[in-house]
């Protein structure tokens, strides 16, 4: 399962705000997430299957180990499964890296030529930034970079201005998980690098309202975060920052205030609609409500960092959150990776483009987005 993301920037909606807001807005098209799983997916065998499908997903930078417990609990939730991120104990995931694949949504790209075709369609529609996964995240950093380049080279041949960046790899060490960034940066193929500044439990409720009995932790230690930031600085990549929880934002603002965050950062504020395992009520993150956006923006304060919003497990464009963000100078991230029921990645970008126009926030080109974010030159 290969995930792809397109991010969009749009012009400031009101001239009076241009001193404080970016000249353009970035709707961020997130490409490659699955159709909504049925609520019945919480039965034991289906949960195991769902976890197996989620291995390497969510743009996570560490490996998941997934194993069935030898003893089942005698409760209606069925067997318990463990998926802890950060350890290289799991076999290679043949389905690929990313939540959505064609087995879950026929519109989802998977192989390099499919990713390239989808990315070019999104860029032509207005996406400024494209994020992808590969179908084989267990490759070595050099081999993984080669898979990314199979998709990125035809994109850059047609659109040399495209802003591209990958997800995490699998491995026991930071270099195994992040090393493909080095090869891609040296090849001149990427201008952003992944920065996920924290850890989070991906818990959720089952259909009976009880917490699902699954160990699912996305782990990034403080040392990991520092290494991500340092790699972006050394490789001259703009940090693409994912904030699954408010604490993630608090950490990245601290790096910024300490003068350690390299230029070109885009901070993506995540709002949770559904959980990752079976679409239940999530036990992490914040809901897509105005008060949650107010909290995030209060934490950003006067940092001046560019920011975007995304709804994980739901439709950002059918939520008032998208309009609130555009009114306040933010950008949008949309696509199949976040909204599994979307028609296609390109369709999500088109819907975002129309919404931005209604708010007088026309989309930025990749070149304009690079200038807005102050991305380092290639």
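Plugging the Kirkwood radius over Cα pairs into Stokes-Einstein for segment 184-339, at a temperature of 25 °C and a viscosity of 0.890 mPa s, what D comes out in µm²/s? Estimated via Stokes-Einstein, D reaches 150 µm²/s. With neighbour counts taken as other beta-carbon atoms within 10 Å, the residues 332, 156 rank, fewest first, as 156, 332.
Beta-bridge orientation, segment 195-275: approximately 40 percent antiparallel, per DSSP, counting only bridges with both partners inside.
In segment 106-225, inverting the average of 1/r over every pair of distinct C-alpha atoms gives 15.9 Å as the Kirkwood radius. Can you give the FRET efficiency for residue 378 and residue 223, using 1/(1 + (r/R0)^6), R0 = 41 Å, r = Cβ-Cβ distance, to the nearest 0.05? Between residue 378 and residue 223 the formula returns 0.90. Each Cα pair under 8 Å and six or more residues apart adds its sequence gap; the mean of these over the residue count of segment 278-371 is a relative contact order of 22 percent.
The Kirkwood radius of segment 306-378, taken over pairs of alpha-carbon atoms, gives through the Stokes-Einstein law at 10 °C and 1.306 mPa s a diffusion coefficient of 123 µm² s⁻¹. Put the Cα centre of segment 118-150 next to the Cα centre of segment 309-373 and the gap is 20 Å.
Placing dummy labels 7 Å off each Cα toward the beta-carbon, the span from residue 250 to residue 328 is 1.8 nm. Both radii are taken from the alpha-carbon atoms of segment 202-244; with Rh as the Kirkwood radius, Rg/Rh is 1.24.
Of interest is the spacing of the C-alpha centroids, which for segment 212-283 and segment 157-206 amounts to 12 Å.
Looking at the square roots a ≥ b ≥ c of the eigenvalues of the Cα gyration tensor of segment 216-304, which shape do they give, rounded for a/c under 1.5, prolate if a/b is larger than b/c, or oblate? Judged from the Cα gyration tensor, segment 216-304 comes out oblate (a/c at least 1.5, b/c at or above a/b). Per-residue Cβ neighbour counts within 10 Å put 268, 343 in the sequence 343, 268, beginning with the fewest. Computed over the Cα atoms of segment 273-330, the ratio of the radius of gyration to the Kirkwood radius (Rg/Rh) comes to 0.99. Fewest-first ordering of 291, 204, 350 by other beta carbons within 10 Å of each residue's beta carbon gives 291, 350, 204.
Bear in mind that the values in this text are calculations on the coordinates, not laboratory data. Worth saying up front: this structure is predicted, and the values here are computed from it rather than measured. We place every Cβ from the backbone using ideal geometry, glycine too, and count neighbours over all the protein chains shown.
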